Amino acid sequence: MARETLKLVVIGHVDHGKSTLIGRLIIDTGSLPKGKIKELKKISRELGKDTEIAFLLDQLREEREQSRTIDTTQVFLKTSKRDYVVIDTPGHAEFIKNMMTGASCAQAAILMIDINEGMMEQTKRHAYLISMLGIKKVIVALNKIDLVNYDQARFSALKCEIAVFLNRINIAPAAIIPISAKEGVNIYKKDKKIKWHYGPSLISCLDALKSDLRVANMPLRFPVQDIYDLDRAKMIVGRLESGLLKKGQQVVLLPQNKKTKVSSIHVFGYRGKKTAYRGENIGLILDNCPGVKRGDVIVGQNCAPMPSSSFKGHVFWMSDQPFLLHKKMIFRCATQEVGCIGVSIEKKIDSATLGIIDKDPRELRFNEAGSVLFKTDVPVVVENFTFIEALGRFTIENGQEVQGAGIITEKLP
Ligand code: GDP
């Protein structure tokens, strides 16, 4: 049976130990050959760099940047239970953009908090973002427990404060645990130094998270990414974002509302595939699909949604240029890309304090969030985020940069 993969992000304030933890996880899970670790240590010493664990990740980042064939944002881990893809994006702004564009589309998050510093602004903003993105599987790691002499009282006090904050943004963490990423305490196995901690180690917590990749009873949604001309047919490629797709199934191509049938499903050149599941990257040959283009969405006949050009969304703004009402922007959702405007803003909030700053404002500024009513130039296939995440997550762009991102809270007729 194929091993399961879980996509993970490590989030938190700068210097709270994210890189050190990823390096530690790579070492402790034995995800790199021993020779490779030695080689990286040697390079690091030769460069005169501090041989601390975060160096390992720096070296891997450099290697990945030099090798164009490797995705620059992913680190692979293996435990006895499953494989993990850790989305590693150094830099706060890049990280937020990656998360919001769905490029990184994590299923679980580790929130790192330095026990000496507690929750900082970036801790809160990242937590707010993952809550907004609907990432429900969250483990909080209170790091640098070695710096407070493994003190239980310090851990317990901060644990309560964090639980209260997370509760306000609807995150119920799977666990809040003490660790030392640097010393390797409570990462792979439990440690005598924290005898008072009865809960699991970090890796046991991760392995205990339930994956929900195969949700079969959701409606079919297949956004078209690209089309290849074959000798006698067109191969339509993309990622199955929701539901199941079966060979021979009757489907509808939206927004043109054209009925057709799946002739064959292809994966890595193999054409005999009978069923595709959510999360799979596949190629499809349809019976008849003239005019199919990137941005179209293939749906099931019994569950075809009405394309819509008006909806409410919760937006997080991350550009120095403010978000202004009635200004033309680009709306991107899955592979769809159309012009749009913001019609009204119900309220705006500060993503670190969660306080309401203004009601009915005219603009959103950097790091502010708000509920916005949008209108697109043409109808798009969107869904409430709580129903189908991939079609409920969007970005707002100006042609050069991703300026804001959000989730759809209400689809309007
Ligand atoms: P990032 O900015 O969140 O990626 O943080 P880094 O992983 O780069 O760590 C920042 C600093 O904290 C580095 O000097 C690390 O060696 C140090 N650090 C990370 N984890 C621990 C820990 O568990 N204990 C101690 N004492 N230092 C740590």
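The values are calculated or read from the model by the stated rules, or taken from the named source; none is laboratory data. Quick caveat: nothing in here was measured; it's all calculated off a predicted structure. All accessible areas refer to the heavy atoms of the entire protein, side chains included, with ligands and DNA or RNA removed. Shrake-Rupley method; radii C 1.70, N 1.55, O 1.52, S 1.80 Å.
For the options Ser180, Ser31, Ser371, a Gaussian network treatment of the chain with springs between C-alpha atoms closer than 10 Å singles out Ser31 as fluctuating the most. Within the accessible area of segment 221-300, the carbon and sulfur atoms contribute 46%, probe 1.4 Å, all protein chains present. Short-range pairs are left out: with C-alpha atoms under 8 Å and at least six residues apart, the relative contact order of the chain is 12 percent.
Solvent exposure of segment 221-300, expressed per residue, is 51 Å² of accessible area, with all protein chains present and a 1.4 angstrom probe. Could you sort out which of Lys7/Lys247; Lys42/Lys136; Lys18/Lys359; Lys273/Lys411; Lys42/Lys210; Lys7/Lys182 sit more than 32 Å apart by Cα distance in this structure? The answer is Lys42/Lys136; Lys18/Lys359; Lys273/Lys411; Lys42/Lys210. Taking only the alpha-carbon positions of the chain and ignoring solvent, what does the Debye formula give for the base-10 log of I(q)/I(0) at q = 0.06, 0.07 Å⁻¹? For the requested q values the scattering log ratios are -0.28, -0.38. In terms of its C-alpha gyration tensor, segment 221-300 comes out rounded, because the ratio a/c of the largest to the smallest axis stays below 1.5.
For segment 159-309, the pair-distance distribution built from all alpha carbon pairs, in bins 10 Å wide starting at 0, is 10, 29, 18, 14, 18, 10, 1 percent. Nonpolar atom fraction for segment 308-412, defined as the carbon and sulfur part of the 1.4 Å probe accessible area, stands at 49 percent. For segment 3-17, 3J(HN,Hα) computed residue by residue from phi via the Karplus equation (6.51, -1.76, 1.60; θ = phi - 60°) reads 6, 7, 10, 10, 8, 10, 10, 10, 10, x, 5, 4, 6, 7, x Hz, glycine and proline entered as x. Taking only Cα atoms, what is the 0 to 90° angle, nearest 10, from helix 92-101's long axis to the longest principal axis of the chain? With rounding to tens, the tilt is 40 degrees. In the context of the full set of protein chains, segment 339-413 has a per residue accessible area of 44 Å² (1.4 Å probe).
Eigen-decomposition of the gyration tensor built on the alpha-carbon atoms of segment 308-412 gives equivalent ellipsoid semi-axes of 20, 15, 13 angstrom, largest listed first.
When the chain is treated as a GNM with alpha-carbon contacts under 10 Å, the residue of Ala174, Ala153, Ala369 showing the greatest mean-square fluctuation is Ala153.
For the chain, a Gaussian network of Cα nodes joined below 10 Å ranks Ala127, Ala390, Ala208 by mean-square fluctuation, and the top entry is Ala208.
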